[in-house]
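> The structure follows.
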């Protein structure tokens, strides 16, 4: 694995720990499961995600 | 070979415990405590969690998890177990496991440590694991939904009221901790204020400039945060700026209420989401740094194993060792709040059923270890310093000279000038009566970290620790007020329909205002309390959190019984019975005990006598009496709700054990796939 690819992998792990989904994974899921649906842009995807994540209020611990 | 390894680990753990139990000298190295904890966790994880996974829950990797079955690429996403472990741990660990042990150190380090370790192995980790496994088998349903479906709709509503009441108390007590840490501290106030524009800038960056680039925005945020931390020192030293940022406790309280209200109605991407990322990374990083610091510096603990305050006369909070040690330390041993996370995002991301063991049981062991480190940080202080920092000002005679006398009277020593020197070394004007746990933890952490990484930066480490706690407490205030707002809208909708429209501005403002007023009222009560507020609010919070744990364990027991695993039901029944004994005794004593330091009603009567005698201003005394009555009613309410849930569950248990229905079995925790 080249260095930039490694770095990208690290970034993805950190994002997932913080609870941020992976756009590439969503694109892959959409292509596999619902190829007929339109593909959101990366910006649309994250805006929609942040909105829905906190829509019911995030559960948070003491 | 593996038998040999586990034998060695068991013997090492036993040696750690033996050193703690038999040591009767002046001081002991914190390494023994860490050794006992780590070896106990390892043995419990290897053997007990394996038993829970294979026998009780019967985890089965052939069964498809909701992350695969309902995969949508967003919240239902199969996630590698280590990443999910990190995510789950970041979601459950907060200020709770850091503050509770510091307060419970008034009994000495031993009772709290035993409870943290034994409590997590047989209580907290079991609860988190069973709820996670149960929720995963039910498409990631929440605790409230499971209570409603498995026990009954009435229990579901009770659970919701309980969660709302706990949320209010939680926010109030956490806000009080910030207030106590930041009052008269320009350095701390400046740094915390800076976190708001930093989070806004991160939010705008992720929204408008580079969407989704969480990591680079967070990295930028952390750099700015560290700069704000250093700049805070310059501000505090400046003769013109210093006084501007020197605020009283009351001013900070009103500021927090204003912040909570505005933050909870702003769009999430602007403030809450970036703040969430910032505090997640700062939290994980700091906990890691603390572990490395303890490992490198191996500090010596000066606090005794047991203090004389096990008799209930302690200045930090009132009450005997039983039940109050077990109320004071909730998070870290068993925390009902975790049941909300274990039935929230985590079950939707579980790749394989067997991952529930490291994530449900393992992450809770990790949180328990955070609590053990907090206990170490408090215990390395001189006992005299610990009590001078954590007793209310009224008991310390109001001055450093008075504090020296008061501490001597309690049987510890405090040199004249010692507190001033310590305050100066961490860049504060005073450390007397800095109750609430955060400043004590910060002093302990500053000693550990400067012991490990060099002594020149003590003041910076202190304020780093304060900033780190305040940062995620602010996140909790924002998120908690928002959650509370949605709950008020949902519950209020039953009474007045328009309130249920979450998109309506009027409804949002009314509901947010109501929730801020509720926690703000308890916060101001705590700030104005002559005994410092933590004294009455922290036990209320502990009782509330353990109440939620009792609800979660009742639900867990129901899941086990419905799965026809009645013979293993003791895994949740034993901690449930213990929690019921603890919460019932504690609530009863908080309401009815005759000691005015302990019982709310006795305290109200005591104030009434003082008003008649002319010792207290009637208006002020009247307010104190009113506060006592509200606290007493709330405490009684918690007790009634707990028992109502347990009784409702017990009826289901009896019914299910006599005639298990086919429908129930199909949904059950470990029923075989249809």
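> Would you check if residue B:389 is part of a helix (DSSP H, G or I), crowded, with 24+ Cβ neighbours inside 10 Å and away from every other protein chain (no Cβ under 14 Å)?
yes
> Give just the number: which of (1) away from every other protein chain (no Cβ under 13 Å); (2) under 30 Å from residue B:57 (Cα atoms) does residue B:493 not satisfy?
(2) is the only condition that residue B:493 fails.
> Here is a follow-up. Please pick out the residue among B:217, B:263 that is over 21 Å from residue B:175 (Cβ atoms), touching a helix residue (DSSP H, G or I) at 6+ places or on another chain (Cβ under 8 Å), part of a helix (DSSP H, G or I) and within 14 Å of chain A (Cβ to nearest Cβ).
B:217
> Within the stretch B:260-280, how many residues turn out to be closer than 19 Å to residue B:524 by Cα and under 21 Å from the mean Cα position of the chain (by Cα)?
Residues flagged as closer than 19 Å to residue B:524 by Cα and under 21 Å from the mean Cα position of the chain (by Cα) within the stretch B:260-280 amount to 1.
> Could you grab me the full set of residues in the stretch B:386-412 that are within 24 Å of residue B:32 (Cβ to Cβ) and without any contact (Cβ under 8 Å) to a residue 40 or more places away in the chain?
Listed by number, the list holds a single entry, B:412.
> Being away from every other protein chain (no Cβ under 14 Å), more than 21 Å from the chain's Cα centre (by Cα), part of a helix (DSSP H, G or I) and closer than 21 Å to residue B:330 by Cα is true for just one of B:630, B:591. Which residue is that?
Of the residues listed, the single one that is away from every other protein chain (no Cβ under 14 Å), more than 21 Å from the chain's Cα centre (by Cα), part of a helix (DSSP H, G or I) and closer than 21 Å to residue B:330 by Cα is B:591.
> For the stretch B:304-325, check the following and say yes or no: at least one residue is in a loop (DSSP other than H, G, I, E, B), surrounded by 24 or more Cβ atoms within 10 Å (Cβ to Cβ) and within 14 Å of another protein chain (Cβ to nearest Cβ).
Within the stretch B:304-325 (the criterion being in a loop (DSSP other than H, G, I, E, B), surrounded by 24 or more Cβ atoms within 10 Å (Cβ to Cβ) and within 14 Å of another protein chain (Cβ to nearest Cβ)), the answer is no, since none of the residues qualifies.
> What are the residue pairs meeting all of these: first residue in the stretch A:12-35, first residue more than 7 Å from chain B (Cβ to nearest Cβ), second residue in a helix (DSSP H, G or I), Cβ atoms under 8 Å, and 6 or more apart or on different chains?
A:22/A:12; A:22/A:15; A:22/A:16
To keep it simple, each residue is scored yes or no on (1) under 19 Å from residue B:122 (Cα atoms); (2) in a loop (DSSP other than H, G, I, E, B); (3) at the interface with chain A (Cβ under 7 Å from one of its Cβ atoms); (4) in contact (Cβ under 8 Å) with a residue 24 or more places away in the chain.
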site: B:55; (1), (2), (3), (4): yes, no, no, yes
site: B:62; (1), (2), (3), (4): no, yes, no, no
site: B:67; (1), (2), (3), (4): no, no, no, yes
site: B:83; (1), (2), (3), (4): no, no, yes, no
site: B:94; (1), (2), (3), (4): no, yes, yes, yes
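> Something else now. Among the residues that make up the stretch B:7-29, is at least one of them part of a helix (DSSP H, G or I), buried (at least 21 other Cβ atoms within 10 Å of the Cβ), at pLDDT 90 or above and in contact with a strand residue (DSSP E or B) (Cβ under 6 Å, 6 or more places away or on another chain)?
no
> May I ask you to say which residue of B:269, B:254, B:205 is surrounded by fewer than 23 Cβ atoms within 10 Å (Cβ to Cβ), over 20 Å from residue B:468 (Cα atoms) and away from chain A (no Cβ under 14 Å)?
B:254
> Another one. List, please: which pairs have Cβ atoms under 9 Å, are six or more places apart or on different chains, and start with a residue in the stretch B:301-317 that is at positive phi and end with one that is assigned to a loop (DSSP other than H, G, I, E, B)?
Cβ pairs passing all conditions: B:312/B:318; B:312/B:319; B:312/B:320; B:312/B:595; B:312/B:597; B:312/B:598.
> Only one of these conditions is not met by residue B:398: (1) more than 21 Å from residue B:301 (Cβ to Cβ); (2) at pLDDT 95 or above. Which number is it?
Result: residue B:398 fails condition (2) only.
> Of the residues that make up the stretch B:278-294, is at least one without any contact (Cβ under 8 Å) to a residue 12 or more places away in the chain and more than 14 Å from chain A (Cβ to nearest Cβ)?
Checking the stretch B:278-294: not a single residue is without any contact (Cβ under 8 Å) to a residue 12 or more places away in the chain and more than 14 Å from chain A (Cβ to nearest Cβ).
> For residue B:211, only one of the following conditions fails: (1) more than 14 Å from chain A (Cβ to nearest Cβ); (2) more than 30 Å from the chain's Cα centre (by Cα); (3) assigned to a loop (DSSP other than H, G, I, E, B). What is its number?
Of everything listed in (1) more than 14 Å from chain A (Cβ to nearest Cβ); (2) more than 30 Å from the chain's Cα centre (by Cα); (3) assigned to a loop (DSSP other than H, G, I, E, B), residue B:211 misses just condition (1).
> Separate question: It is to be established whether one or more residues within the stretch B:228-246 are more than 17 Å from residue B:463 (Cβ to Cβ), out of contact with any helix residue (DSSP H, G or I) (no Cβ under 9 Å at 6 or more places or on another chain) and away from every other protein chain (no Cβ under 14 Å).
For the stretch B:228-246, residues more than 17 Å from residue B:463 (Cβ to Cβ), out of contact with any helix residue (DSSP H, G or I) (no Cβ under 9 Å at 6 or more places or on another chain) and away from every other protein chain (no Cβ under 14 Å): present.
> Among the candidates B:596, B:575, single out the residue that is closer than 22 Å to residue B:322 by Cβ, in a helix (DSSP H, G or I) and in contact with a helix residue (DSSP H, G or I) (Cβ under 6 Å, 6 or more places away or on another chain).
Answer to the check: B:575.
> If residue B:350 meets every condition in (1) under 28 Å from residue B:61 (Cβ atoms); (2) out of contact with any strand residue (DSSP E or B) (no Cβ under 9 Å at 6 or more places or on another chain); (3) surrounded by 24 or more Cβ atoms within 10 Å (Cβ to Cβ) apart from one, which number is that one?
Just one mismatch for residue B:350, condition (2).
> Go through the stretch B:183-207 and count every residue that is over 14 Å from residue B:273 (Cα atoms) and either part of a helix (DSSP H, G or I) or out of contact with any helix residue (DSSP H, G or I) (no Cβ under 6 Å at 6 or more places or on another chain) (or both).
Qualifying residue count for the region: 11.
The values are calculated or read from the model by the stated rules, or taken from the named source; none is laboratory data. Fair warning: this is a prediction, and the values are worked out from it, not measured in the lab. Positions of Cβ are generated from backbone atoms using ideal geometry, with glycine treated the same way; all protein chains shown enter the neighbour counts.
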